[in-house]
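The values are calculated or read from the model by the stated rules, or taken from the named source; none is laboratory data. Remember, it's a predicted structure, so these values are computed and weren't measured experimentally. Here the Cβ positions follow ideal geometry from the backbone for every residue, glycine too, while neighbour counts run over all protein chains shown.
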Amino acid sequence: MTRAWRIAVPVVVVSVTLACSAAARPLDVIRDRGMLSLCAHANALPFASKTQEPPGFQIELARALAQALGVTLHVDWVTNGFQFRAADCDIVLDTIAVPEAQAERRLQLSKPYQRSGVGLAVRADITGVTTLPRVDIIYASADMSPDLIDCAANGAKGIVIAGVGNGNMNKASVTAAANAVKKGVVVVRASRVATGSVGRNVELNDDELGFIASDELNPQKARILLTLALLKQRTPEQIQQLFYTY
């Protein structure tokens with residue numbers, strides 16, 4: 001990689017104690033209970049994995065902590081904020097170290113055991129990149145007006161529609177998004193709901209309309225991938241394949 005940008009979002013990988021609606025369980029209660037509960041992502045190697053072996057360093061660290069405490073380890077597998085807030089965990093082993101993120105998840109940080117940052121790298125054959133293509137996210141709602149899509153299509157290179165289930169939107173917005181495609185704007189259908197993927201040609205004819213289906217990526221991640229995809233000329237088929245791959 002010959003070029004990279006650092007994004008000013010500090011990330012600290014830490015051991016943290018949950019302070020949920022009630023007070024977090026004290027250490028003596030965990031020992032009396034005989035179990036340490038960990039919240040971890042089910043598919044996020046090298047951090048954690050529900051199905052792979054080795055299961056990721058967070059699971060191995062939690063096993064070591066449980067063994068040192070003389071208790072068993074229970075893992076609550078979470079993939080989104082809704083599941084995280086509903087889980088009854090004693091600890092998580094990573095978080096974004098900004099006050100807003102800590103307050104949202106009601107976390108109390110321990111002394112960090114590792115710090116990491118976020119970087120963006122581009123391939124060596126992509127040179128002369130000084131800015132990234134503009135990609136807008138537009139959130140769908142009941143009876144939404146197509147005006148925002150029309151407005152975004154006048155300047156954005158890509159649009160991600162944060163639709164309802166399966167990336168859906170109302171008829172007027174579908175028409176506006178299709179018109180944006182005709183102007184050369186890449187339109188990706190994503191979903192703002194907590195779970196579920198966006199399938200191609202399921203409820204909308206993506207082939208006919210020229211849309212890209214985000215597959216398993218939420219709107220935020222879809223925007224990042226589309227931004228990078230637009231750094232070089234690609235066909236809609238090639239961009240769709242990127243969403244299937246990543």
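A few comments on the model shown:
- Every condition in (1) farther than 27 Å from Arg123 by Cα; (2) within 23 Å of the chain's Cα centre (by Cα); (3) not aliphatic (A, V, I, L, M) holds for Tyr246 except the one numbered (1).
- Every residue from the stretch 53-73 that is aliphatic (A, V, I, L, M) and either touching a residue at least 24 places away in the same chain (Cβ under 8 Å) or buried (at least 16 other Cβ atoms within 10 Å of the Cβ) (or both): Ile59, Leu61, Ala62, Leu65, Ala66, Leu69, Val71, Leu73
- Residues of the stretch 195-231 satisfying the condition of being surrounded by 15 or more Cβ atoms within 10 Å (Cβ to Cβ), touching a residue at least 60 places away in the same chain (Cβ under 8 Å) and among the hydroxyl-bearing types (Ser, Thr, Tyr): Thr227
- Within the stretch 74-92, tally of residues that are of a type outside the set (D, E, K, R), surrounded by 17 or more Cβ atoms within 10 Å (Cβ to Cβ) and within 15 Å of Arg33 (Cβ to Cβ): 2
- A single member of Ala152, Ala178, Ala172 is within 17 Å of Val202 (Cα to Cα), of a type in the set (Gly, Ala, Ser) and free of Cβ contacts under 8 Å to residues at least 60 places away in the same chain, and it is Ala178.
- Comparison of Thr79, Thr51 shows that the only residue that is modelled with pLDDT under 85 and closer than 22 Å to Glu216 by Cα is Thr79.
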